[in-house]
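As structure tokens, the structure follows; a few thoughts come after it.
The values are calculated or read from the model by the stated rules, or taken from the named source; none is laboratory data. Note that the coordinates shown come from a computational prediction; the quantities given were computed from them, not determined experimentally. In this analysis, Cβ positions are derived from the backbone assuming ideal geometry, glycine residues included, and neighbour counts consider all displayed protein chains.
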Amino acid sequence: MEFGPHLMLASLEGAVTAAILALTAMGLSIVFGVMRVVNIAHGEFFMLGAVIAWWVASLLGGHPAIGFVLALVLAPLIVGTLAAVADRFILQRINYDPDRTIVATIGLLYIIQQTTLMTFGPEARPVQPPFNTRLALPWFEYGENGFAMIWPWGLSITSYKLFVIVAAITIITGLWLFLTRSKAGLLMRATQQDSETAQAFGVPVQRVYSWVFGLGAGLAAIGAVLVVPIQQAHYLMGQDPLLLSFIVVIIGGLGSLPGTIIAAILIGMSDGIISVFFSPTLAKIIATLVVAMVLVFRPQGLLGKSEG
Amino acid sequence: MGKINTSKFTRRGVLKSIGAGAGVVGASAVAPGLTGFAQAQSSAPIRLGFQVHRTGIGAAYGRWYDRTTQAAVKRINDMGGINGRPVEIITEDDGTDPKRGAEVVEKFATLYNCDIAFGTLFSHVVYGSAPRAGELKLPYFVVSEGHHVASGKLNRYTLQPGITDVKSQVQAMAPFVSDNLGKKITMIYPDFAFGHDHRDFFTAAIEAQGGTVVESIAIPPTETSFTKYFPRIPRETEVIYHVMVGPAVLTFVKELGEFFGPNRPEIFGFIDSLEAVDINSPGLEFLENTYFWEGHPRNAQADQTSYDKVYRAAVGVDDNGASLDDPKDFSTYSHMFGCWETLNIIKAGMEAADYQGPADRTKLIEAVEAMSDMPHSDDHPQGAKRFNGKTHQTFGHQYISKVSNGKLVVEHTTSIEDGLYEDEVDYTTQSF
Amino acid sequence: MTNQHRVHLLHFGTIALLALLFFVLPAYHVGNLARIMVLATYAIGYNFLFGYTGLLSLGHALFFTAGMYGLGLAMTQFGLPSAPALIIGLIAACLVSAVIGFLALRTSGVAFMIVTLMFAQAGYLTILYFGTYTRGDEGFVIQQAKRVMFGIDLSSEVSRYFAALILFSICFLTVARIVQSPFGKTLIAIRENEERARMLGYDTGAHKLKAIIISGTISGFAGAAYALLFGYAGATFATVQYSIFPLLWVLLGGAGTTVGPLIGVIFMFYLIDLSSSITSAYMLIAGVALVLLAMFAPQGLAGTLRKRWFKWMP
Amino acid sequence: MDAMTILSTRNLTKAYGGIRANTDINFDLPKGQIMALIGPNGAGKSTFVGMVSGRITATSGDVFFEGNNISKLPAHKRIARGIAYTFQITSVFTGLPLRENIALAARRKLGSDKAATDIKVAQVLDRVGLTDRADMIAGDLSYGHQRILEIAMGLAQDPRLFILDEPTQGLTELEVENFIKLIKSLAGETTILLIEHNMDVVMKTADQITVLNQGEVLAAGTPAQIRANKAVQAAYLGTTDA
């Protein structure tokens, strides 16, 4: 394929990756920002969302859109509730101590993974997209007769992938409004800034924490529901989103939500674009090192505040 | 050290006795001349350690390896066991992890006192476990299709008698691909040793046929989206050769379809990509009229043999290759026959060696090494095999199927000779 | 008995007990214990950085595999005998940890976790990328005949066990000694309050770099020993999972205690080994055990012992 | 600056973004003196000593210690040259025993000489009166004792310049009295730069006083001179009004 169309295709693919990543990482970022805990089980909440989406969709017959929409509602609810319960009965009891939280969430990771394997099986499970039309894309080229529109071989995207991008933008905008305009969002931000003072002013900090933990997990689940019609639900699928979300949250600057979104876009897009220039595995190595070096030379992340 | 001396002694003895088609004449304290089922010296069960991928990335395969193994052992026991003794399977999960694999082999040998270990699929687990099996002098029968055994990298205690290795499979495919599909090939494979084997062996094989590999695209193993790599496929490509493993394969095939749209080159893939997956899953419509290598045809064919029928019923698989209990639960049909056949070979080997206990392990290996042609039968439902005792590797027929109306229909069956290659090792020269 | 005596008794007693167990335990557990001692050495290396210096790395698998591949490739690609190959493994681990330490120490806290994680991930992919030599995920076997050092066949039960014991003892005693030395005490001070340590005039950056190099080299030593004693090197050991394992072992056993790593590895190994005989859901049991430990024994097993009864434990 | 000046700064400036915390501070501290640095909240006192000790990087200007320009040196090297620093907000090793806290401070100079370190620790413990608590975990000490430990850690380093940032904050009256005695006993042994709010302490201990206001030196002189200084009075009164 020519360079231009190749780059465009890779960018579009990168945008889809970025959209899912932004949702998942937002979940982690909120938990991280408000509660200051490292949740190793975040990827498993993502996986659970995908699995529940498959389960809901396979229970229902009829048009695939019915199952999909229902999954979009149910999966985050179930996963969020589960996470809130885990927060209430495990994390609150260990006072969110950093080391203990890591051990406990690794334990949670194993529990969720193994339970899913036993109830759901080891196979990769597909979910039918509500709609999925292949859209060939045009490319403009300057030739002998001036600008001409051509339809390069292979340059295309599907309507569903476009939908994922739009859906992610919508959900993140909604989340933004929720955090900045609603009372619940205000409570969360107050807790984030200073949990002790917030408590003194009558904010039910413990309950806010449970809600935040549930919300974070729910966002991962939404990301997963959106992704299953492209990828498949599988009990080991949680590791990648976990690692990538962590990277995004740190690169974005701890607790900075705009930073998280920018980092998600950067990392999702660079994953696509670097693949244009290097052979696949080498591209992954380079992308990984580039991100590591960004952190080495800007440890506070892109939008984090420097301490000095 | 005494053990080693004895086993050298018996090896010569066994070779002689097998050559004469008689029972065992050995230096060990086994009563000579007694073969058959009834006169067993002990009624204690023969214990086979089954190393299974129950968790980890190989779990989808492991579940079906388990079912096949249970079915094969039930059949063996129903027929009177081995040397008059029942067979007991000791199952341990290796987590599809080479480190745990070695530990499991050790557990079989020293804790459970298993007679042999068997059943491993993923080649990194084989690699991790085989050294331990060799040190513990535990015969280790793998069902992995890797080239590791025949390449000479393992040891005399490791054998692969039940499934053809990847080098042979790939080599047997090349003539069909170049004669029927095209000469300019783009390969897409995981950036794993397994993928590199495909790349190296197929490139060599297709060049021998006058074809060329115009591009090879190695996909990093952690990848979950593939479209961005497809522009690397050169326009001149006549055939796409794909072999992917792991949970992301469905995405891979789907995105390949979305990339090409209506104008696609010929596509030839290894069914490894879609083992345990319904070929009629949403998004796979694109595979209609593409070709697959199959180790063992998943769909019951028009000319289905009675052997396949018996085997299918015993394992509990329907005519589409799915579980009889759940028509949506698809098997790993192209690989799991290896467990069935390997167990039958172990049985035949133990009977030939008049295997009585761990002291006879080397005799068992020699007995298997002495095997050669195995006929298409209930014991070998996938097809006839030719075992090479020197390389510890078996060679069999391969199938090329075309997807027609959502079914895999066999178009071509390769001969055993198509897959033969020169020996790279002679394990029989190694001491035990 | 002074505390110093107690500490010596604990350390030498542990080693003597391990030596004794070889003659007492059945074959299966002897084999396990040989593995456990190698893995515990890895955990000791990890504990030195995490438990004593307070730096949480998620990239130690890189150091482990640097040693493993340093030795493995030297033996298989260049045909070196085991002793020089072991030295190459150690040098490889030392160099890799120096470079990674130099870069990663510009960060701290969670960013340090992520940076080490990403370097390790790049290392894992690099092993795959050079599959021609490393055989990628599949890895390679080091033939039994080559696993000989100073004329001793390291693949036999006895020599393997005692080689593992020697490896373990060297690293165990070295770390025990370092953490009692002024240098080690400064590392503990950095863990407790880095700013204060700096304002006492300690070059905390240099101390942390040294700690990473020591920690990485011990981890690489363990990796090289694993390849040598068990005859296999593979990319699986470079995955994230193998970076998380030592963290778990150390947290379970007790971070910042000398015996914690060994206890943690024994606990985790047998938890999985015993439960996997009963049920295939052993990871579920492991998960529940981890959650319970986090809730009820937050300082790990040895840490809890120290807190409750043996305050002198190093 | 002459040989008798241990510390001096020239045009030392710190800006956070657009806001200047310190502007062109020229400061000289004669050897052996007890110098108090006073000024209203936000006058830039902690920023100033932070730049001297190296905790805070100066935006511009130079720091001289014993005649050498140490502006480019990192904090730990400045400390190693003989500056000791105590934190405004208590900063001890709360997880370690009190004895080990002091030993850590002493050991940097004494190295691996265990006997010398033990002697030094015993001396310091005795001097600050914490011997009977030596084996307690520092985090379990009362706040006052932690402050004293902080000072003890400074003493254990045998500093030539000892910077104390609000050492009496939160101490009881009795503890303040003991502190004053301790500081006076140090006179002649070391040079002391003391940031202090408690005027009683300042007047009883200081040989010289420098007053900072809004990041600039407002006045400098003996306690008597400062007491009489109108500008100082205005600055203090001004802030109390506000």
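Assorted remarks:
- Residues that are among the hydrophobic types (A, V, I, L, M, F, W, C) and buried (at least 18 other Cβ atoms within 10 Å of the Cβ), drawn from the stretch C:268-279: C:Met268, C:Phe269, C:Ile272
- From A:Gly67, A:Gly4, residue being surrounded by fewer than 18 Cβ atoms within 10 Å (Cβ to Cβ), part of a helix (DSSP H, G or I) and of a type outside the set (A, V, I, L, M, F, W, C): A:Gly4
- Filtered by the rule that a residue be buried (at least 21 other Cβ atoms within 10 Å of the Cβ) and polar (S, T, N, Q), the stretch A:92-118 gives A:Thr101, A:Thr105, A:Gln113, A:Gln114, A:Thr116.
- Of all the residues in the stretch A:133-175, those that are outside any helix (DSSP H, G or I) and of a type in the set (Lys, Arg) number 1.
- Flag for C:Gly89 being closer than 14 Å to C:Ser243 by Cα and either in contact with a helix residue (DSSP H, G or I) (Cβ under 6 Å, 6 or more places away or on another chain) or in a helix (DSSP H, G or I) (or both): no
- Subset of the stretch C:117-158 [without any contact (Cβ under 8 Å) to a residue 40 or more places away in the chain and part of a helix (DSSP H, G or I)]: C:Ala122, C:Leu125, C:Thr126, C:Tyr129, C:Gly131, C:Thr132, C:Ala145
- The sole residue among D:Ile151, D:Ile137, D:Ile119 that is touching a helix residue (DSSP H, G or I) at 6+ places or on another chain (Cβ under 7 Å) and not charged (D, E, K, R) is D:Ile151.
- Selected residue [free of Cβ contacts under 8 Å to residues at least 24 places away in the same chain and either touching a Phe, Trp or Tyr at 6+ places or on another chain (Cβ under 8 Å) or surrounded by fewer than 18 Cβ atoms within 10 Å (Cβ to Cβ) (or both)] from B:Glu369, B:Glu422: B:Glu422
- Selection within the stretch C:2-36 - assigned to a helix (DSSP H, G or I) and within 11 Å of chain B (Cβ to nearest Cβ): C:Ala27, C:Tyr28, C:His29, C:Val30, C:Gly31, C:Asn32, C:Ala34, C:Arg35, C:Ile36
- Lone qualifier among B:Ala117, B:Ala172, B:Ala130 - being under 23 Å from B:Gly389 (Cα atoms) and in the same structural domain as B:Val239 (by TED's automatic domain parsing): B:Ala172
- Strands (runs of 3 or more DSSP E) (entirely within the stretch B:156-249) containing at least 3 residues that are crowded, with 22+ Cβ neighbours inside 10 Å: B:158-164, B:184-190, B:239-242
- Spans of helices (runs of 4 or more DSSP H) in the stretch D:109-186 with at least 3 residues touching a residue at least 40 places away in the same chain (Cβ under 8 Å): D:143-155, D:173-186
- Top-ranked residue in the stretch B:414-432 [being under 20 Å from the mean Cα position of the chain (by Cα) and among the aromatic types (Phe, Trp, Tyr); ranked as farthest from B:Val149 (Cα to Cα)]: B:Tyr421
Table: residues versus (1) touching a residue at least 60 places away in the same chain (Cβ under 8 Å); (2) among the hydroxyl-bearing types (Ser, Thr, Tyr); (3) part of a helix (DSSP H, G or I).
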site: A:Ala190; (1), (2), (3): no, no, yes
site: A:Gly202; (1), (2), (3): no, no, no
site: A:Ala224; (1), (2), (3): yes, no, yes
site: A:Met237; (1), (2), (3): yes, no, no
site: A:Leu244; (1), (2), (3): yes, no, yes
site: A:Ala283; (1), (2), (3): no, no, yes
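- Only one of the numbered conditions (1) in contact with a Pro (Cβ under 9 Å, 6 or more places away or on another chain); (2) buried (at least 23 other Cβ atoms within 10 Å of the Cβ) is violated by A:Gly216, and that is (1).
- Count - residues of the stretch B:237-293 that are closer than 21 Å to B:His198 by Cβ, hydroxyl-bearing (Ser, Thr, Tyr) and within 13 Å of chain A (Cβ to nearest Cβ): 3
- Some residue of the stretch D:85-98 being within 11 Å of chain C (Cβ to nearest Cβ), of a type in the set (Val, Ile, Thr) and part of a helix (DSSP H, G or I): no
- Criterion violated by A:Ala198 - all others in (1) part of a helix (DSSP H, G or I); (2) under 30 Å from B:Phe230 (Cβ atoms); (3) in contact with a helix residue (DSSP H, G or I) (Cβ under 6 Å, 6 or more places away or on another chain) satisfied: (2)
- None of C:Ile114, C:Ile44, C:Ile127 is at pLDDT 95 or above and β-branched (Val, Ile, Thr) except C:Ile44.
- Residues of the stretch D:32-86 that are polar (S, T, N, Q) and in contact with a Leu (Cβ under 6 Å, 6 or more places away or on another chain): D:Thr86 alone.
For every residue, the table says whether it meets (1) under 23 Å from A:Val103 (Cβ atoms); (2) in contact (Cβ under 8 Å) with a residue 12 or more places away in the chain; (3) assigned to a helix (DSSP H, G or I).
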{"residue": "A:Thr17", "(1), (2), (3)": "no, yes, yes"}
{"residue": "A:Leu23", "(1), (2), (3)": "no, yes, yes"}
{"residue": "A:Ile30", "(1), (2), (3)": "yes, yes, yes"}
{"residue": "A:Ile40", "(1), (2), (3)": "yes, yes, no"}
{"residue": "A:Met47", "(1), (2), (3)": "yes, yes, yes"}
{"residue": "A:Ala75", "(1), (2), (3)": "no, yes, yes"}
{"residue": "A:Thr81", "(1), (2), (3)": "no, yes, yes"}
{"residue": "A:Ala86", "(1), (2), (3)": "yes, yes, yes"}
{"residue": "A:Ile90", "(1), (2), (3)": "yes, yes, yes"}
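- Only one of B:Lys228, B:Lys184 that is farther than 30 Å from B:Gly389 by Cα and in contact with a Gly (Cβ under 6 Å, 6 or more places away or on another chain): B:Lys228
- Among the residues making up the stretch C:103-116, those that are in a helix (DSSP H, G or I) and either surrounded by 24 or more Cβ atoms within 10 Å (Cβ to Cβ) or facing chain A (nearest Cβ under 7 Å) (or both) are C:Leu103, C:Ala104, C:Val110, C:Ala111, C:Ile114, C:Val115, C:Thr116.
- Unmet requirement for C:Gly89, which otherwise passes all of (1) buried (at least 22 other Cβ atoms within 10 Å of the Cβ); (2) modelled with pLDDT under 90; (3) away from chain B (no Cβ under 14 Å): (2)
- Selection count where residues are over 14 Å from B:Ser401 (Cα atoms) and part of a helix (DSSP H, G or I), scope the stretch B:274-301: 2
Condition check ((1) of a type outside the set (Lys, Arg); (2) buried (at least 17 other Cβ atoms within 10 Å of the Cβ); (3) within 14 Å of chain B (Cβ to nearest Cβ); (4) assigned to a helix (DSSP H, G or I)) across all residues:
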{"position": "C:Arg160", "(1), (2), (3), (4)": "no, yes, yes, yes"}
{"position": "C:Phe168", "(1), (2), (3), (4)": "yes, yes, no, yes"}
{"position": "C:Cys171", "(1), (2), (3), (4)": "yes, yes, no, yes"}
{"position": "C:Thr174", "(1), (2), (3), (4)": "yes, no, no, yes"}
{"position": "C:Leu187", "(1), (2), (3), (4)": "yes, yes, no, yes"}
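- The residue that is surrounded by the most Cβ atoms within 10 Å (Cβ to Cβ), among those in the stretch B:70-95 that are farther than 20 Å from B:Gly162 by Cα and within 14 Å of chain C (Cβ to nearest Cβ), is B:Asp94.
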